[in-house]
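Worksheet for the structure shown next.
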């Protein structure tokens, strides 16, 4: 679980990991680009299925990826003048308080509870797309 | 914005952040409708503005998760930096398929993921075997309680 063993294994496994990480990135980027939402619903399950991540590790690593994906998207949209900074910050302020609560709650939940909550999210997100 | 709009925006923003921290998603699923409903933004404007919120919220979430020892930064950065490939793929898909087809395809993928995750929740030992067989991370068994 530590960053050190992670870094050591990344060197030896990099050649095998990067193509799969690339597939995850492509799928997540495509969904986020097409629908404006949904990158995380792709990243988290694929990290679990393909790399054996636990739920906490997958959700945490997904958030790190989303920082970069979101930043690239925000810059691109800002170039077209579509980003309303005031409204973005307005919704981010309660969002940042929420994410502190969400990460703290997650550490107290079991692996299965987090997975169960994620299944509900996937079902809800699929329902929004269909209806 | 009316007082009720402020309350709605704060509530959905907070809920989006909780979802993000708990489930590792950006929170756009709630930020976008919040901006459409309570800040009178267009769908495109809301999606663009929500990206700024997503960056700020995910940054705080990543920092907290890092301090809990859960972030594998290398993998996260590789996924993030390769994501523009997906934007290209998305443009190709959007031109090849109707919006309805895309929506239904994405929903089908999510339902498939939900079913696979559900199987792991119900049969945790079977899921572990499957993970190893499919060439999963060899350290995976150590990571499980």
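Quick notes
- Between B:72, B:119, B:64, the residue with the greatest mean-square fluctuation in the GNM of chain B (Cα pairs under 10 Å linked by springs) is B:119.
- Top of A:106, A:77, A:55 by mean-square fluctuation, Gaussian network on chain A, Cα under 10 Å: A:77
- Counting only DSSP H runs of at least 4 residues, each contributing -39500 (n - 2.57), and dividing by the residue count of chain B, the helix-based mean residue ellipticity at 222 nm comes to -26500 deg cm²/dmol.
- A convex hull fitted to the Cα coordinates of region A:72-131 yields 129 cubic angstrom per residue.
- Helix axis angle, B:3-23 relative to chain B longest principal axis, alpha carbon, degrees: 10
- Relative to the longest principal axis of the Cα atoms of chain B, the long axis of helix B:28-38 lies at roughly 10 degrees.
- Computed over chain A, relative contact order equals 18 percent, with contacts defined as Cα pairs under 8 Å that lie 6+ residues apart.
- Angle of helix A:3-35 to the longest C-alpha principal axis of chain A, folded into 0 to 90 degrees and rounded to 10: 30°.
- Applying Stokes-Einstein at 25 °C and 0.890 mPa s to the Kirkwood radius of chain A, computed over alpha-carbon pairs, gives a translational diffusion coefficient of 149 µm² s⁻¹.
- 25 Å tail of the calculated P(r), chain B, as % of Cα pairs: 48
- Share of Cα-Cα pairs in the protein assembly as shown lying beyond 23 Å, as whole percent: 49
- If you wrap the tightest convex hull around every Cα atom of region B:1-73 and split its volume per residue, you get 77 Å³.
- Within a Gaussian network of chain B (alpha carbon springs, distance under 10 Å), most fluctuating of B:38, B:14, B:106: B:106
Here, each number is a calculation from the coordinates, and none is a lab measurement. The structure displayed is predicted, hence computed values, not measured ones.
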